[in-house]
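The values are calculated or read from the model by the stated rules, or taken from the named source; none is laboratory data. A quick note: this is a predicted structure, and the numbers were derived from the prediction, not measured. Please note: Cβ atoms are built from the backbone with ideal geometry, for glycine as well, and neighbour counts cover all protein chains shown. Quick note on the areas: whole protein, heavy atoms, side chains included, nothing else; ligands and nucleic acids left out. Shrake-Rupley method; radii C 1.70, N 1.55, O 1.52, S 1.80 Å.
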Amino acid sequence: VLTTIEGIIDRAVAGLEQDQPIRRATDKEVASKIDEFIGKLKQLKEVHSSFTFIIDDPSGNSFVENPHAPQKDDALVVTRYRRTPQQAAMLGLEGEELDEKVADPAEDLRNEVLQFNTNCPECNAPANTNMKLVQIPHFKEVIIMATNCDSCGHRTNEVKSGGAIEPQGTRITLRITDPSDMTRDILKSETCSVEIPELEFELGMGALGGKFTTLEGLLKDIRELVERNPFTLGDSSTPSKTEKLQEFIGKLCEVKVKRKAHFIMDDPAGNSYLQ
């Protein structure tokens, strides 16, 4: 009901007066007491003295107007409280379930390693892929996927960004000056390209896929990518090309130890991270 305090008193008076004629005929004592109470209710409307009006609503869906809003109303006190199991049951809610902490589905995913069946990309034998949601500190959530094949021993791991594409792209430049820089954690998304200007080297987006590793681990993966390329170091390669690539691999190894260089990550999606 949407009404005033006077309206609520009037409803109470009307409800009490409704059966008074019958009560006067059957039970005069009760009828006289109710008449006396009705008189007190009607006097409340005249406000000859102050009185307290209390609304107690376990659902929390009741309201009394503050005529001084947005200023504070000194005459009005609103108290919020936790429902008792009896009140929750009265409202049709399960009292026991209210006290229990509602499980967060995302929290369950963070603590659980999901597994699904797939085929090995090398030998096509049945294998299992493990998937886990990981929160990177001061960054965002990522999904790490790893496949181990028991038949041929092939192992792969890939990282997918768990969040949305950022409003702006991210370009990260690290000046490598100390061997300790090699231990920095790196999240390279599949949309990130890598550049080392001192070696005139650039790795396009999509190459190596998504990786969550260290800087040393990523340089090792780049080295293996170059060494395993059959078009550059295979039987059809020319001696001059092979010599240049061996020289590049040597310089890449020097970056890990003594060579100072710049390591640039350019990700238009903004989903890459350097510790």
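Below is a table of values for the structure above.
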{"quantity": "Qualifying residue in the stretch 95-107 (condition: at pLDDT 85 or above and among the aliphatic types (A, V, I, L, M))", "calculated": "no"}
{"quantity": "Condition broken by residue 88, with the remaining ones in (1) at pLDDT 90 or above; (2) not in a loop (DSSP other than H, G, I, E, B) satisfied", "calculated": "(1)"}
{"quantity": "Condition broken by residue 209, with the remaining ones in (1) on the phi > 0 side of the Ramachandran plot; (2) surrounded by fewer than 14 Cβ atoms within 10 Å (Cβ to Cβ) satisfied", "calculated": "(2)"}
{"quantity": "Residue within the stretch 41-53 that is surrounded by 10 or more Cβ atoms within 10 Å (Cβ to Cβ), outside any helix (DSSP H, G or I) and touching a residue at least 24 places away in the same chain (Cβ under 8 Å) present", "calculated": "yes"}
{"quantity": "Residue match in the stretch 58-80 (condition: touching a Gly at 6+ places or on another chain (Cβ under 9 Å) and open to solvent by 70 Å² or more (accessible area, probe 1.4 Å))", "calculated": "yes"}
{"quantity": "Test: residue 232 is open to solvent by less than 70 Å² (accessible area, probe 1.4 Å), at pLDDT below 85, over 20 Å from residue 208 (Cα atoms) and of a type in the set (Val, Ile, Thr)", "calculated": "no"}
{"quantity": "Some residue of the stretch 245-259 being touching a Ser or Thr at 6+ places or on another chain (Cβ under 6 Å) and part of a strand (DSSP E or B)", "calculated": "no"}
{"quantity": "Members of the stretch 50-77 found to be more than 21 Å from residue 7 (Cα to Cα) and of a type in the set (A, V, I, L, M, F, W, C), listed by number", "calculated": "69"}
